[in-house]
Amino acid sequence: QVQLVESGGGLVQTGGSLRLSCAASGSTLRITDMGWYCQAPGKQRELVAVISRGGSTKYADSAKGRFTISRDNAKNTVWLQMNSLKPEDTAVYYCYAKWLYSDIYYYNENDYWGQGTQVTVSS
């Protein structure tokens, strides 16, 4: 079992910045990827950024050049630095973690989600 707790969302003006944080607890040793997804009303949940345990990153096109994802494996924490925010960034942002155990005899994989944190960018 993994629990994810997000913080850092809020209201910001166009062009402003926010820093989202997500702390994982529980069975954290086997967490592999962590990331951030967003979901606006009436839309699908979409990937914003993902980072592997080794630090490899991937971003949505809309996030490239503006957002930066980072993590500290020792602290079981992932951050999303959001700069140059636009009204279209307004959404609920969810922390994500993939938990995996695999060997020759057994395989188990689970996805965990935080409760979401609201980001609102005013025009």
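The values are calculated or read from the model by the stated rules, or taken from the named source; none is laboratory data. Fair warning: this is a prediction, and the values are worked out from it, not measured in the lab. Note that each Cβ is placed from the backbone with ideal geometry, even for glycine, and that neighbours are counted across all protein chains shown. We work out accessible area using only protein heavy atoms, side chains counted, and drop any ligands, DNA or RNA first. Shrake-Rupley method; radii C 1.70, N 1.55, O 1.52, S 1.80 Å.
What the table below lists for this structure:
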| quantity | calculated |
| --- | --- |
| Members of segment 3-47 found to be among the small types (Gly, Ala, Ser) and surrounded by 21 or more Cβ atoms within 10 Å (Cβ to Cβ), listed by number | Ala24, Gly35 |
| Hits in segment 48-61 - residues which are out of contact with any strand residue (DSSP E or B) (no Cβ under 8 Å at 6 or more places or on another chain) and either open to solvent by less than 20 Å² (accessible area, probe 1.4 Å) or under 11 Å from Ala91 (Cβ atoms) (or both) | none |
| Of all residues making up segment 68-80, the number that are over 11 Å from the mean Cα position of the chain (by Cα) and surrounded by 14 or more Cβ atoms within 10 Å (Cβ to Cβ) | 2 |
| Conditions (1) free of Cβ contacts under 8 Å to residues at least 60 places away in the same chain; (2) basic (Lys, Arg); (3) assigned to a strand (DSSP E or B): number failed by Arg19 | (1) |
